[in-house]
1. I'm checking my understanding of the structure. Among residues of region 150-171 that are assigned to a helix (DSSP H, G or I) and of a type in the set (S, T, N, Q), which one is modelled with the lowest pLDDT?
2. Taking residue 66 as meeting all but one of (1) modelled with pLDDT of 90 or more; (2) in a helix (DSSP H, G or I); (3) surrounded by 15 or more Cβ atoms within 10 Å (Cβ to Cβ), write down the number of the exception.
3. Just to be sure I understand, how many residues within region 209-232 are free of Cβ contacts under 8 Å to residues at least 24 places away in the same chain and not in a loop (DSSP other than H, G, I, E, B)?
4. Got at least one residue in region 73-96 being buried (at least 20 other Cβ atoms within 10 Å of the Cβ), in contact with a Gly (Cβ under 6 Å, 6 or more places away or on another chain) and part of a helix (DSSP H, G or I)?
Amino acid sequence: MLPPLQSKTIDIASRPTSIEIVSGAEPNTPALVNPARPPRLSTPALLRELADELFSLDRGLPWTFGQLLRRPGAAIRRFVEWRDPRVTRPLRYLLIALATTALGFHLAGISGDWLRGFEAGFAGALNSGQSAGALVALMQRFDLLLVVAWIPGVAAAVQSVYRSHALNFAEAGTIGIYTLAQVALLQIPVVSVIPMGTMAEFGVFALWPFAYLSWVCHGYFADDEKRIVKALRVGLLAGFSTLATVMAMMLLAAVINMTLTG
């Protein structure tokens, strides 16, 4: 026979506990645990966090930038499907990229020379200095223009071409956000090389991002049987929709400018 069970009294009040019941909790709900608070934030700790984000080679901004150069499709897919913590989040990466690009243009003195060349090229093509001036005014906000035109255009192209993968707008839009951010960072060396004095040079400037987008889709959908053809289709479709939106907004700005100036 088994020995009889012996009862044992436990004094709960004598034991320390780290559980704290949050005041105002609804009745008949489990108690909430208040975890141990981390040390108070200090300037050295904040600088260490910043250095780790900016200079760490195994995660954060440098790692994300490098991966978006070497294997961009795989890097974006790791975030979309697995939320890889090594990859900088898309909106954060986009904001940092746009700010870095604007700062780089300003410090290098690229923006003024580039816009003057852009205005001269369009003035000759359009035979209208007023229209060219309106286009330049719009180009000064080209980063916001791209955000409005690029991300929905890329998302729509990806969803249209890769229907069998059933990506929703957020997933397809993430591809657009990462590609736009990377293109923005790479525009500084591109604009440094391209003087933007002719329409042909503007065409190179406007079209190379869609070649990068095709490369991204080729790597993201690596398991697709027709990935090369479909990647090129995404680049062409996204390029058409984005450039059509940009040119429509430029034309609208020129028309409004000519109407107001008589």
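The values are calculated or read from the model by the stated rules, or taken from the named source; none is laboratory data. Everything numeric in this text was worked out from a predicted model, so none of it was measured. Note that we place each Cβ from the backbone using ideal geometry, even for glycine, and neighbour counts take in every protein chain shown.
1. 164
2. Condition not satisfied by residue 66: (3).
3. 6
4. There is at least one residue in region 73-96 that is buried (at least 20 other Cβ atoms within 10 Å of the Cβ), in contact with a Gly (Cβ under 6 Å, 6 or more places away or on another chain) and part of a helix (DSSP H, G or I).
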